[in-house]
Each structure stands twice: as C-alpha cells, then as structure tokens.
Amino acid sequence: MPVVSTPSRSFDVDTVVFDKDGTLVDLDAVWFPPAKGWVDAVASDDRELTGTLARRLGVDLDGCRLVPDSIAAASTFEHIGNETADELLGRGWSRDQIDAALVRAAAAVDRAFDSAEPTMLADVPALFDHLIRSGLRLALLTSDDRGPTLEFLDWLGARHLLDAVVTATDIEHPKPHPDGLRRIAAELGTSADRMLMIGDSVFDRQAARAAGTWFVAVGHRSAAAREADASVGCIDELTAH
Ligand SMILES: [Mg+2]
C-alpha cells in the first residue's frame with residue numbers, strides 16, 4: 001500500500017488530489033495580471049470604483065498580489081462575475097451596462113493570460129511521476145474553468161498523468177463544498193478517507209473536511225494550515241513509497 005509523507009506526517013491513502021493555483025503554480029504570477037485587468041476593464045477611469053471593486057474581490061493593487069483566501073484568490077469566475085455585477089447593480093448601473101462591463105473584463109482576462117506563462121512552484125511532472133510510480137492515483141480539483149485548466153495541463157505535459165480532473169465547470173457546488181472530492185472518489189472507485197487533498201486555501205481545507213478527506217496545506221503560515229493535518233512549504237516536500 002502506498003504511503004504519502006510530508007516532513008512531519010505520513011498518510012496511508014491511494015489517491016492524491018491537487019489544487020491548481022497557489023499549489024502547483026504561483027497564484028500571484030498567474031492571476032494578479034488578469035485580476036487587475038478585470039478590475040480596470042470594469043471600472044475604466046473611475047478610481048473610487050477601482051478601489052472598492054478591488055477590495056471587494058481581494059485584488060491588492062498596491063502589493064501586486066491577491067489577498068489570500070479572497071474571492072479573486074480562491075473562488076470561481078462565476079462568483080467573481082456575480083460579485084462584480086452586484087457591486088455595479090448597487091451603483092445603479094443598468095443590466096446592459098453591467099453585461100458590457102463583464103464582456104470587457106473577460107476580454108481583459110484573456111489578453112492577460114495570452115501574454116504570460118504560468119510560473120511553476122515545483123517540477124510538477126517529476127513529482128507526479130514519482131507519486132504514480134509509488135502506486136498512487138492522482139487527481140486535480142480546481143475552481144478554474146475546464147477549458148483553461150486542460151490548456152494548462154497540456155502546456156505542462158501532465159494531463160495524461162492525472163486519473164481525474166474536476167473543475168468549476170463540472171460540478172454544481174465548487175470548493176468549499178465537498179462535491180468535487182466526492183466526484184473524484186466515485187470516478188476512481190475509492191472513498192474520501194483514502195484520499196489526500198493538497199491545497200493552499202481555506203476553501204481546500206473546508207472541502208476536504210466536509211468530504212472526510214485528509215488535508216495538507218501548502219504554506220506553513222497560511223490560514224489553510226491552521227487545523228490542517230500537516231503543512232508543507234512547497235509540494236516538492238511530498239514523498240511516497
Ligand atoms: Mg489554490
């Protein structure tokens with residue numbers, strides 16, 4: 001039986017489930033430019049709206065980063081769109097104005113993605129290969145949409161290494177709901193308590209807790225690390241035998 005280990009604790013599981021952003025790839029390097037593009041495209045030259053919307057979504061414009069566990073950092077595009085629309089609705093914008101702003105914002109996000117390559121936090125294909133050779137099955141559970149997630153996995157050359165990929169597009173209730181983990185357990189014919197979730201956000205930990213899945217936080221001092229079963233500074237600290 002395979003065992004997955006962090007420097008502080010070992011887990012007797014058959015499946016490892018990875019979050020994507022902030023776990024495999026640098027969250028701020030990947031998501032700050034599109035998040036800033038979103039806010040700028042919606043607010044245009046309205047500096048007060050820029051500041052308010054950025055705070056509401058968790059986009060730290062001065063620090064060039066996303067606020068940990070904020071909507072921008074951990075939630076879905078649908079949620080970001082709904083929050084944005086709600087802010088604009090409260091300011092008396094018409095439905096047509098809001099729809100036009102969301103179209104501008106989505107285009108700005110696409111442009112930001114087109115001009116940047118993901119910054120990996122570790123040699124992910126090598127880590128996946130090591131875990132697979134130890135007899136583990138691997139899955140990805142992300143709040144990103146399916147199209148960009150598969151594009152990312154193809155770019156990384158790791159799509160074929162994953163036994164299951166569940167995105168925000170595939171389930172009704174994204175993290176922190178346990179739907180995604182339950183879907184993966186069903187797809188792979190295992191049970192939630194035989195899986196280990198690896199993630200950087202509180203949503204990851206809450207999803208794991210609700211499903212009954214073990215949880216390792218990425219980042220020792222993150223909010224996700226509080227009440228986690230273990231934490232690592234980086235996923236390359238994971239080993240298996
Ligand atoms: Mg994450």
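The values are calculated or read from the model by the stated rules, or taken from the named source; none is laboratory data. Keep in mind the model is a prediction, meaning the values are calculated, not measured. No Cβ is skipped: glycine too gets one built from the backbone with ideal geometry, and neighbour counts run over all protein chains shown.
Here are the numbers for the structure shown:
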item: Hits in region 206-234 - residues which are farther than 18 Å from residue 174 by Cβ and β-branched (Val, Ile, Thr); result: 216, 218, 232
item: Number of the condition not met by residue 150 [criteria: (1) outside any helix (DSSP H, G or I); (2) at pLDDT 95 or above; (3) not β-branched (Val, Ile, Thr)]; result: (1)
item: Top-ranked residue in region 113-142 [being of a type in the set (S, T, N, Q) and modelled with pLDDT of 95 or more; ranked as nearest to residue 237 (Cα to Cα)]; result: 134
item: Residue selected from region 185-206 under the condition among the hydrophobic types (A, V, I, L, M, F, W, C) and more than 16 Å from the ligand (Cβ to nearest atom), by the criterion surrounded by the most Cβ atoms within 10 Å (Cβ to Cβ); result: 195
item: Members of region 49-69 found to be of a type outside the set (Val, Ile, Thr), at pLDDT 95 or above and within 14 Å of the ligand (Cβ to nearest atom), listed by number; result: 58, 65, 66
item: Residue satisfying all of: in region 214-238; buried (at least 19 other Cβ atoms within 10 Å of the Cβ) and assigned to a loop (DSSP other than H, G, I, E, B); modelled with the lowest pLDDT among these; result: 222
item: Residue match in region 115-134 (condition: basic (Lys, Arg), touching a strand residue (DSSP E or B) at 6+ places or on another chain (Cβ under 6 Å) and away from the ligand (no atom under 16 Å from the Cβ)); result: no
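Table: residues versus (1) surrounded by 16 or more Cβ atoms within 10 Å (Cβ to Cβ); (2) within 14 Å of the ligand (Cβ to nearest atom); (3) in the same structural domain as residue 37 (by TED's automatic domain parsing).
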{"site": "74", "(1), (2), (3)": "yes, yes, yes"}
{"site": "80", "(1), (2), (3)": "yes, no, yes"}
{"site": "84", "(1), (2), (3)": "yes, no, yes"}
{"site": "89", "(1), (2), (3)": "no, no, yes"}
{"site": "98", "(1), (2), (3)": "yes, no, yes"}
{"site": "103", "(1), (2), (3)": "no, no, yes"}
{"site": "109", "(1), (2), (3)": "yes, no, yes"}
